[in-house]
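Remarks on the structure that follows.
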Amino acid sequence: MKVYPRICGAVFNNEKESDKVEGKMKAVQILEPGKFEVISIDIPKPRRGEVLVAVQSVAICGSDPNIFSGKVRKNGWPPYYPFVAGHEFAARVVELGEAVTTLKVGDRVAGEAHCGCGTCEMCMQGFYNLCLNYGNSDAGHHHYGHNTPGCYAQYQVYDQKALTLLPENVSYDEGSLADTGGTAYNALKLTGVEPGGYTVIIGPGPMGIMTMMLAKAMGSRTIIVGRRERLQVAKKLGADFIVDYEKADDPVAAVRELTEGFGAHQVIECAGNATAYFEAVKMARKRGHVALISIPGDDGQEIAVKSMIMNQITVHGVRANPNCSRTVLNLMSQGAVDARGMITHTFPIDMIHEAFDTFINRKDGAVKVVIHPNGEEQEK
Ligand SMILES: [Zn+2]
Ligand SMILES: [Zn+2]
């Protein structure tokens with residue numbers, strides 16, 4: 001892992017646990033589409049049910065460059081400028097708002113992007129990722145780093161519902177991957193992964209590699225389909241088989257060959273390229289399950305509908321990670337998921353431009369790139 005020199009530490013000595021944290025903090029503000037800077041702004045105050053956290057590790061998500069560039073503005077991400085994005089993080093609780101019952105000052109936590117209102121039909125069923133009050137912050141809904149300020153900052157306020165305690169032996173860096181891991185786990189849960197089967201993962205990016213490790217932890221054999229260096233990273237982190245897009249004439253045939261001709265029990269699509277949605281269905285066996293994680297462009301993507309019907313294949317859309325953080329963090333704690341192995345680079349917040357450049361351009365074999373807003377000091 002590449003650790004870049006710390007240029008500047010925290011504004012506050014955050015080793016000291018305090019009841020009130022006031023003053024200024026560093027935050028990455030998106031000023032206009034494509035333009036962002038580290039700027040000093042006021043530390044926010046926690047409201048009822050919220051806590052203030054000192055952010056220790058933020059993982060750059062594949063969706064962040066689109067939020068920074070203004071490409072997903074039509075979704076309301078970001079809703080205004082300047083805006084603080086970021087949603088994959090681990091942090092330490094430094095101040096409690098009123099009526100916080102689940103956390104105390106000093107707790108180490110991992111965050112989630114989605115916080116539901118808690119009272120609509122979807123939230124009541126546990127699907128707060130699909131909250132019917134989406135975008136209504138007065139009703140208690142937040143999509144952190146998307147329509148509500150997020151974690152590219154030294155401090156941020158979060159609803160207690162969006163935070164999960166870190167097991168003692170899980171570091172902040174590992175904890176920042178709980179959100180990615182949660183989405184991967186949600187996909188696997190939806191497909192009903194069982195031990196002894198085959199899971200195909202299309203796309204060996206951070207989401208695909210995390211899906212591979214979780215599927216393996218759940219007892220499935222794993223086949224990862226992709227290209228170049230990242231395929232080798234997936235292999236190193238435990239993929240049973242790899243299918244190289246650039247070498248295999250027909251990736252669907254290659255998967256069938258590896259699965260005794262029948263296809264896989266589950267296929268998880270994490271690539272988002274033009275053919276992946278179509279091939280995902282073709283790679284599944286009869287009565288298999290397909291989960292689609294990547295969000296396609298507005299022109300949509302073709303799915304192999306005839307194969308889906310004739311082979312009675314179930315296709316699941318996967319949105320985010322409701323009720324998945326605890327399981328993923330426990331699997332990290334047990335050593336079944338090597339989150340550390342995916343983190344190739346860390347940067348201080350002042351080097352945010354270098355960090356994004358490294359992540360976007362996959363420089364130096366970059367897989368997951370993590371920012372340390374409060375310096376390199378990682379552990380308690
Ligand atoms: Zn993310
Ligand atoms: Zn709701």
Residue count for the range 75-91, restricted to those that are small (Gly, Ala, Ser) and more than 16 Å from ligand 1 (Cβ to nearest atom): 1
Pairs where the first residue, in the range 180-192, is closer than 18 Å to residue 370 by Cα and the second is among the hydroxyl-bearing types (Ser, Thr, Tyr), C-beta under 6 Å, 6+ apart: 182/325
Members of the range 35-70 found to be surrounded by 15 or more Cβ atoms within 10 Å (Cβ to Cβ) and of a type in the set (D, E, K, R), listed by number: 50, 64
Residues of the range 52-62 satisfying the condition of being of a type in the set (A, V, I, L, M, F, W, C) and more than 15 Å from residue 295 (Cα to Cα): 52, 53, 54, 55, 58, 59, 60
Residues within the range 194-219 that are surrounded by 24 or more Cβ atoms within 10 Å (Cβ to Cβ) and assigned to a loop (DSSP other than H, G, I, E, B), tallied: 2
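Hey, among the residues in the range 130-145 that are assigned to a helix (DSSP H, G or I) and more than 10 Å from ligand 2 (Cβ to nearest atom), which one's nearest to the chain's Cα centre (by Cα)?
At the first step, the residues of the range 130-145 found to be assigned to a helix (DSSP H, G or I) are 130, 137-139.
Then drop every residue that is not more than 10 Å from ligand 2 (Cβ to nearest atom), which leaves 137-138.
Values: 137: 22, 138: 26 Å.
Looking at residues that are assigned to a helix (DSSP H, G or I) and more than 10 Å from ligand 2 (Cβ to nearest atom), I get 137.
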Qualifying residue in the range 14-21 (condition: out of contact with any Pro (no Cβ under 9 Å at 6 or more places or on another chain), within 25 Å of residue 339 (Cβ to Cβ) and among the aliphatic types (A, V, I, L, M)): no
Any hit, the range 114-132, residues being within 16 Å of ligand 1 (Cβ to nearest atom) and of a type in the set (S, T, N, Q): yes
Residue, farthest from residue 112 (Cα to Cα), within the range 296-342, restricted to residues that are free of Cβ contacts under 8 Å to residues at least 40 places away in the same chain and of a type in the set (A, V, I, L, M, F, W, C): 310
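Looking only at residues that are out of contact with any His (no Cβ under 9 Å at 6 or more places or on another chain), within 18 Å of residue 314 (Cβ to Cβ) and not hydroxyl-bearing (Ser, Thr, Tyr) in the range 271-285, which one is surrounded by the fewest Cβ atoms within 10 Å (Cβ to Cβ)?
The initial filter retains those residues of the range 271-285 that are out of contact with any His (no Cβ under 9 Å at 6 or more places or on another chain), namely 271-283.
Subset that is within 18 Å of residue 314 (Cβ to Cβ): 276-283.
Checking which are not hydroxyl-bearing (Ser, Thr, Tyr) leaves us with 276, 278-283.
On the way: 276: 22, 278: 17, 279: 22, 280: 30, 281: 25, 282: 22, 283: 32.
Per the criteria, the residue is 278.
Can you name every residue in the range 22-40 that is without any contact (Cβ under 8 Å) to a residue 60 or more places away in the chain and not in a loop (DSSP other than H, G, I, E, B)?
First pass over the range 22-40, keeping only residues without any contact (Cβ under 8 Å) to a residue 60 or more places away in the chain: 22-24, 29-35, 37, 39-40.
Correct list: 24, 29, 30, 31, 32, 35, 37, 39, 40.
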Residue check for residue 355: buried (at least 23 other Cβ atoms within 10 Å of the Cβ) and among the small types (Gly, Ala, Ser): yes
Tally, over the range 123-139, of residues that are touching a residue at least 40 places away in the same chain (Cβ under 8 Å) and buried (at least 18 other Cβ atoms within 10 Å of the Cβ): 3
Condition broken by residue 153, with the remaining ones in (1) surrounded by 23 or more Cβ atoms within 10 Å (Cβ to Cβ); (2) away from ligand 1 (no atom under 14 Å from the Cβ); (3) small (Gly, Ala, Ser); (4) assigned by TED's automatic domain parsing to the domain that holds residue 259 satisfied: (4)
In the range 313-344, the residues that are surrounded by 17 or more Cβ atoms within 10 Å (Cβ to Cβ), over 16 Å from the mean Cα position of the chain (by Cα) and not hydrophobic (A, V, I, L, M, F, W, C): 316
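Could you run through the range 37-61 and say how many residues are within 16 Å of ligand 1 (Cβ to nearest atom) and over 15 Å from residue 371 (Cβ atoms)? Walk me through how you get there before you give the answer.
Filtering the range 37-61 down to residues within 16 Å of ligand 1 (Cβ to nearest atom) leaves 55, 57-61.
Within this subset, residues satisfying the condition of being over 15 Å from residue 371 (Cβ atoms) are none.
Within the range 37-61, residues that are within 16 Å of ligand 1 (Cβ to nearest atom) and over 15 Å from residue 371 (Cβ atoms) number 0.
Kindly evaluate residue 102 against the criterion of being among the β-branched types (Val, Ile, Thr), surrounded by fewer than 21 Cβ atoms within 10 Å (Cβ to Cβ) and either at pLDDT 95 or above or on the phi > 0 side of the Ramachandran plot (or both).
Numbers: among the β-branched types (Val, Ile, Thr): yes; surrounded by fewer than 21 Cβ atoms within 10 Å (Cβ to Cβ): yes; either at pLDDT 95 or above or on the phi > 0 side of the Ramachandran plot (or both): yes.
When the stated conditions are applied, residue 102 passes them.
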Hits in the range 223-243 - residues which are of a type outside the set (A, V, I, L, M, F, W, C) and buried (at least 23 other Cβ atoms within 10 Å of the Cβ): 226
Residue pairs meeting the criteria (Cβ under 6 Å; at least 6 apart or on separate chains; first under 16 Å from residue 295 (Cα atoms), in the range 63-89; second polar (S, T, N, Q) and away from ligand 2 (no atom under 16 Å from the Cβ)): 72/66
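Looking only at residues that are surrounded by fewer than 23 Cβ atoms within 10 Å (Cβ to Cβ) and under 23 Å from residue 178 (Cβ atoms) in the range 113-122, which one is nearest to ligand 2 (Cβ to nearest atom)?
Of the range 113-122, the ones surrounded by fewer than 23 Cβ atoms within 10 Å (Cβ to Cβ) are 117-122.
Applying the additional criterion that residues be under 23 Å from residue 178 (Cβ atoms) yields 117-118, 122.
Working: 117: 4, 118: 6, 122: 6 Å.
Filtering the range 113-122 for residues that are surrounded by fewer than 23 Cβ atoms within 10 Å (Cβ to Cβ) and under 23 Å from residue 178 (Cβ atoms), the one nearest to ligand 2 (Cβ to nearest atom) comes out as 117.
The values are calculated or read from the model by the stated rules, or taken from the named source; none is laboratory data. Model, not experiment: these values are computed from the prediction. Here Cβ is always computed from backbone atoms with ideal geometry, including for glycine, and neighbour counts include all displayed protein chains.
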